[in-house]
Each structure stands twice: as structure tokens, then as C-alpha cells.
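Down below is the structure, laid out as C-alpha cells.
Where a number appears in this text, it was derived from the coordinates with a stated rule and is not lab data. All of these numbers come straight from a predicted model, not from anything done at the bench. Note that we place each Cβ from the backbone using ideal geometry, even for glycine, and neighbour counts take in every protein chain shown.
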């Protein structure tokens, strides 16, 4: 009965979403009744879809094998955590999570968007309702997760063993809060184009939603990267897989949107470009949805391989993106350009930032789609791999990273590059000294790696120099500098922390890529292998039974260079229902570095193939992303993110003059 209740609630949510979109778009101007209905419908939708999601989750938790989805993706022997995560570890359940996230953001705007003009709020929620209606209809008519079986089988076929990990409980929800969250930015863009109100206030209203989505997406991508790193047993943290790229492209575009919205808010400029970015960011999110579910890709990330459903998603994608860009084309020519500014200015720096990020997004998009388009047109199959992406993306990111510390020092409207260079002189000196120390420590190699480390150091030192400049450290008494530092707005701190986090990730990427040590060898019990100053002794293996798998577990003793011993285990599992083998890598952490051991295939009668990696400072990759996301959430706590754009004295005077 529970699953029928969830199904019925979802049908009601679908009908309500259609009514919300219809009433909102028809009566968005001047009808208080329609405006109240749209807001209340958005909140009720969230409750109904939440009830549906809870019903499906309950079916997985209690092993209700009369539900087809539970049969296909769960098993009674699975631990409870993996039964619950099985709810969205499949196409139908993940689409329900997609719709739930859409309604979550719609309800958040309805509940917390009190400062929004009623007409703009109504249009935003109407467009959100239209998307909820479209995707909930797709779920009901092509991907129904509530379908029952009669008779019900005794047991299920279990969740994909690769997905039976804590990562499935964290990565997809965070990812959906990110790239589905950009739907609100898309709705704001559509609402602005329909109403014709595109100004600094609009930028102020859209910025918190962009920040929240961007921060969640940052965490989601980082968690997915770390999950693949420790679960797949290949020792890598990024593969440029097409589906990885599908979540990375909205992140790049969303980063550009964040910076563009700042210019629009502060200077009432870049209106057309900011609206364009809001549309393109969610368009890239929809593209990712199509790639994952169309069956055109073979990937560990893919949820479905049904071309029919892929065509429907493609049609929905074309309708939303095509409709938005048609509206954009009709309205763009009527938009007024904002304030003028010199090329050397804060606005100019942010535009340059946008150009590099947009070019990087285009490069990743071309590399991802070109093999698919070529195969569709000619039948030829090619692979665009890491070398293309590394070269293209790296060439665009290096100049952007070098420019990051300059931006915050430039003045709005017109800046002085020479003066900025003088203010950054101490940071440049510190960077050069630290880079030379790194060169010397590495033995002055002929390599690009120390240069990469120098760039990372430069990006980290820049925000520190900015905070020191704003607090007048060295130019005022320490007590005054401390008071200034404490009085800085949270947005200033968040900008500095985010840029510092970028530098931390750059250093982690360079170290893990250039200085990692790998050894693939065969080992018997009692044998020792040396790698990067560590002595690894294979102590033997044991066979044991897990809750729904059998495993061979190898035990290793690690003798670190400074004499601290540590025991580590690595496993090879075989899951009983599907017979699928998986690898559970053993990872020992030393500061920010890790020793990574994969227990491999049998070698002879009593040996094992063992793959060992020493990855120096690899954890800095994910620490940097956590700092970036944390900076985004810190910025959201700033009061200025919760109010509208400031009203100028000239605007305030107009009502007074009218009253006279």
C-alpha cells in the first residue's frame, strides 16, 4: 500500500506542476491570486514528491520485492546502507531524485524569496513548475519506479557491486543539489527575459542560488573523484570520462556565471552575457542528463541504455534549451548595455576570467561530443583521451591562474596595473623565493612540475596578500589591523578562501601527477618491496565471508621512512548474486600523502600481483575543493546575500517627487 501512496502522490505532483506552470505564465502580471497559488503549489509539490521518494526508499529498506525496481537493484543480504542508497543507484530512482531536487529548489524560492518582486517570483516558480511537470511526466510514462510485480519473486538481483559503497550515499545527492540546482538560475534567466527586468537587483537575487548550486556541485565532483580513486583500484583521481566531463562543464560555466553576476551587480554591466551564462549552465546540466541516460555512452557512471528514453530526454532538452535561446534572441537586442569601464579594471579582469572559463568549457565540450558526432555521421569510432584534455585545459588554465591574484587588487571602472604590481610586489617576492626553494629541494630538474608548484604557490599567496592589504598590515598598528581583518565582509573572506583553495588543489594535482611512484610486482608472503623510501612487507592473505560477498584479504606491513610501522589490508571481493569481482584498495595516509596498495590476481601457487603507488600530497586535491565549497557557503551567510540590490539616492528620490 505504501508504494501506491507514493505513486498517487507523484501523480498529484505532476498535475499540480502543470497547473502551476499554466496559471503562473498566464496570470503572472497583476493577479495576486495566481501569485499565491504558484508559491503554495511549489511548496505542496515538494511535499508530494518528498512523500513519493520516502515511499520508494521505504520499499528498498524493507525488501519489498513486489516492486520491480527493488528486485532489479537490491537484495536481502545487502547491508541496510546499501539498500537505502539503491533507491537512487538506478535510472528510475535517480530520476525521482532529480525531480525531488527540482521541487526542493522551487519550494526554497517560494519560502525564502520574500524580497523578490511578486511578478518575477511567479515567473521563476512557473518555469520551475514547467520543468517539474516535464520531468515528472517522463518518470511516470517512461521510467515508473513504482511498478509492481505479480507474483513477487523471493529475492532481488542486488545493486551493482561497484556502487555498494558509502560514496553512493554522498556523491549523487551532492551532485544533484549542484547541477539540478542550476535550474533555478535558468528559471531566473527565463523570468527576466519574459518580464524584461534585467538589472543589478536581478543579479543580486540570482547570486545566492548560483553560489549554493556551485558549492554543492564542487563537493559532488570532489566526492565522485575521491570515490573513483579509492574504489576502482586504478590509483587515479580523474579520467576525463565523458560523464565526468558532463558534471565538470556546468561547474566551469557556473564559475563563470558567479563572476559575471558580480560585474552585473556592482556595475550593472554584462547583462546579456550573464543571462546567456545562466541559460548555458543549466543547458550543460541537461546535456549531462542525456549522456548518462541515452545509452550512447558506455561508462561506469551510466544509468540507462534505452535509446527510446534517450530520444525523449533529447526532445525535452531541445525544447527547454531551444525555447530559452529563442526567447534570448528575441529579447537580447532590446537590452541596454550597462556602465562603461576601462580594460584594465576589476570588470576587465572578471571578463578575462569569463573568457578563459568559457573557452575551457568549449574545449571540454568539443572533446566530449566530437567522437559521438563523428560516429553518428560516419560510423568511425575514435577516442579523445586525457592527452587532449590535459593539453587543451592546461593551456587555458595556466594564464587564468596567473591572473587570479591581480583581480581583487584592481579598482572598479578603471584600474592601475602598475600600482597593482607594486602592491603585489611582496607576494611576488615570496612566491619566487618559495619556488626556488622547491626547485632546490627537487634538485633543479628540467621539468615543468616545479613551475606548476610555483603557480600554485602564487595563487595561494595572492589572497593572503589581499587580506593583508585590506587590513593594512605593516602600515597600521597590529591592533588596528586585527580589527580591520575582523571587520572585513564575509564575501571578502570567502573570495580569499576560494582562491586559496584553488592554489591548494593545483599543488595537489602537480604533486600527485608528477611525483607519484608506482611499482607493479609479484609478492609472496614474507617478501618486501621498497617504494619511495617505504618498505612494504606482504604478510599473507586470508579468505573470509562478508554479508553478501566472499573476499580474499591481503595484509601488508608498511615501514615508513621515519620508522613508524602501520598495517594495511586490501581485498578482492566476489559478490555472490551477480558473481561480479571488485577491488578494495588499501590506503594509508601520512599527512597529505598516501600509500595506495591494490591486491591483485594470483601469481603462481602462492603469490599475488600487487600494485603499489606512493602519492605525495594527493589529499591536497580534495582539500582545495573543500575550501572552495566552504568559501561558497560562507559567502551565503553574508547578510547582503539575503536582501535585494541597494537603492540609489536618485531612485529613492523619485517616489518622493511623485508624492509632491
Original post:
How big is the stretch 189-272 by Rg and Dmax over its Cα atoms, in Å?
Top reply: 16.7, 53
**OP:** Could you calculate the FRET efficiency of residue 4 with residue 308 from 1/(1 + (r/R0)^6), where r is the beta carbon distance between them and R0 is 25 Å, rounded to 0.05?
**Re:** 0.40
Original post:
Among 461-469, 130-138, what's the highest-first ranking by average C-beta atoms within 10 angstrom per residue?
Top reply: 130-138, 461-469
**OP:** Starting with the highest mean, order 365-378, 602-615 by the number of other Cβ atoms within 10 Å, averaged over the residues of each peptide.
**Re:** 602-615, 365-378
Original post:
Which order results if 209, 238 are arranged by neighbouring Cβ count within 10 Å, fewest first?
Top reply: 238, 209
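Nearest 500 deg cm²/dmol is fine: what mean residue ellipticity at 222 nm does the chain get from its DSSP H runs of n ≥ 4 alone, each adding -39,500 (n - 2.57), divided by its residue count? Walk me through the intermediate numbers first.
Numbers: 21 runs with 409 residues, N = 660.
That calculation yields -21000 deg cm²/dmol at 222 nm.
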**OP:** Between the alpha-carbon centers of the stretch 349-419 and the stretch 268-295, tell me the distance in whole angstrom.
**Re:** 16 Å
**OP:** Find the percent of Cα-Cα distances in the stretch 465-561 that exceed 21 Å, and round it to a whole number.
**Re:** 65 percent
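When the Kirkwood radius is taken over all Cα pairs of the stretch 517-615, what Stokes-Einstein diffusion coefficient follows at 10 °C and 1.306 mPa s, in µm²/s? Could you put the intermediate results ahead of the total?
Details: Rh = 13.8 Å.
The Stokes-Einstein estimate is 115 µm²/s.
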**OP:** Round to a whole angstrom and tell me the spacing of the C-alpha centers of the stretch 465-495 and the stretch 610-635.
**Re:** 27 Å
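Let's test the formula: R0 of 41 Å, r as the Cβ-Cβ distance of residue 397 and residue 605. What FRET efficiency results, to the nearest 0.05? Write down the numbers at each step before the final one.
On the way: r = 50 Å, r/R0 = 1.22.
Computed FRET efficiency for residue 397 and residue 605 comes out at 0.25.
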Original post:
For the chain, what's the relative contact order in percent, using C-alpha pairs closer than 8 Å and at least 6 residues apart?
Top reply: 12 percent
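Mind pulling the per residue volume of the convex hull built on the Cα atoms of the stretch 1-47? Å³ is fine. Working shown, then result.
Details: hull volume 2.3 nm³, N = 47.
In the stretch 1-47, the Cα convex hull volume per residue is 49 Å³.
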**OP:** Over all directions, average the projected area of the Cα convex hull of the stretch 169-405 and note it in nm².
**Re:** 14.0 nm²
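How much space per residue, in cubic angstrom, does the convex hull of the C-alpha atoms of the chain take up?
Details: hull volume 127.6 nm³, N = 660.
Enclosed volume per residue, from the Cα hull, is 193 Å³.
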**OP:** State, in angstrom, two size descriptors of the stretch 17-93 derived from its alpha carbons: Rg to one decimal place and Dmax to the nearest whole number.
**Re:** 18.2, 58
Subject >> Volume per residue of the C-alpha convex hull in the stretch 1-164, rounded to whole Å³ >> reply: 101 Å³
Original post:
Arranged by the count of other C-beta atoms within 10 angstrom, fewest first, what order do 381, 484 take?
Top reply: 381, 484
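Given the Cα atoms of the stretch 424-511, and with Rh set as the inverse mean 1/r over their pairs in the Kirkwood sense, what is Rg to Rh to two decimals? Let's see the in-between values first.
Details: Rg = 15.1 Å, Rh = 14.1 Å.
Ratio value, two decimals: 1.07.
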Original post:
Ranked highest first by average number of other Cβ atoms within 10 Å, how do 227-234, 63-70 line up?
Top reply: 63-70, 227-234
**OP:** Report, in whole Å, the centroid distance computed from the Cα atoms of the stretch 1-48 and the stretch 105-157.
**Re:** 10 Å
Original post:
Hey, got the Cα dimensions of the stretch 393-461 along the principal axes, in Å, largest first?
Top reply: 45, 29, 16
